[in-house]
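Let me begin by presenting the structure, written as structure tokens, before commenting on it.
The values are calculated or read from the model by the stated rules, or taken from the named source; none is laboratory data. Remember, predicted model here, so these are calculated numbers, not experimental data. Note that each Cβ is placed from the backbone with ideal geometry, even for glycine, and that neighbours are counted across all protein chains shown.
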């Protein structure tokens, strides 16, 4: 991964000092750890960890991503055989119907922080569940600097936007220069190439602030889930923690 530092505006620094508080904890029993960022409870609920994304386990004939098994084992070692505590943000469910939660083990160790510290997951920021983003960002930066886990694995190196192809979907890191800034009724778009765009909902633009046109010409690294939309690849992001401005 690039070791280049992010240039964060004053608005983001102030925001980090005022995180949104999650609700009080619920004590649960874990039945199964599904992968590095999800688990199933004894009551049948499926839980997706808030604020982190771990390497994917292989599905439908596809192989595991590097370190997927290590991330799953790390979460299992942290939570297996003991009660766990859940805390919730404003959004309680993801689009798969899983319950979104911050998970701590019986000793109060945060699963998200544990995975980030070992380099077995990366930070994601999806409004409005933004509690702990500041803390997570610090932990990820330390693991990144120490080149732990994914930060030393060539598989996770950022891909230049102009080298992406139609099959390059899923969670990825992408670099490029904002060649064009476009706007629609619902989105602000940063085109990093003729075939790849970063889409930011207008509902979330207040996290970025300022005139979108000021982003033109900036070299950035974006993280998120890439999908094919109208024969063009795009990644939708909702918070500046998902977009680094590179030196």
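Step by step: first the residues of the range 140-173, then only those that are more than 20 Å from residue 67 (Cα to Cα) and in contact (Cβ under 8 Å) with a residue 40 or more places away in the chain, then the one that is surrounded by the fewest Cβ atoms within 10 Å (Cβ to Cβ). Which residue is that? Step by step, filter the range 140-173, then rank; the result is 166. Checking the stated criteria, residue 223 turns out not to satisfy the condition of being more than 15 Å from the chain's Cα centre (by Cα), at pLDDT 95 or above, closer than 28 Å to residue 56 by Cβ and part of a strand (DSSP E or B). Does residue 205 meet the test of being touching a residue at least 12 places away in the same chain (Cβ under 8 Å) and either loosely packed, with under 15 Cβ neighbours inside 10 Å or in contact with a helix residue (DSSP H, G or I) (Cβ under 8 Å, 6 or more places away or on another chain) (or both)? Yes; evaluated as a whole, the condition is true for this residue. For the range 34-91, the set of residues classified as part of a loop (DSSP other than H, G, I, E, B) and crowded, with 17+ Cβ neighbours inside 10 Å consists of 36, 37, 50, 51, 54, 55, 56, 57, 65, 67, 88, 89, listed by residue number.
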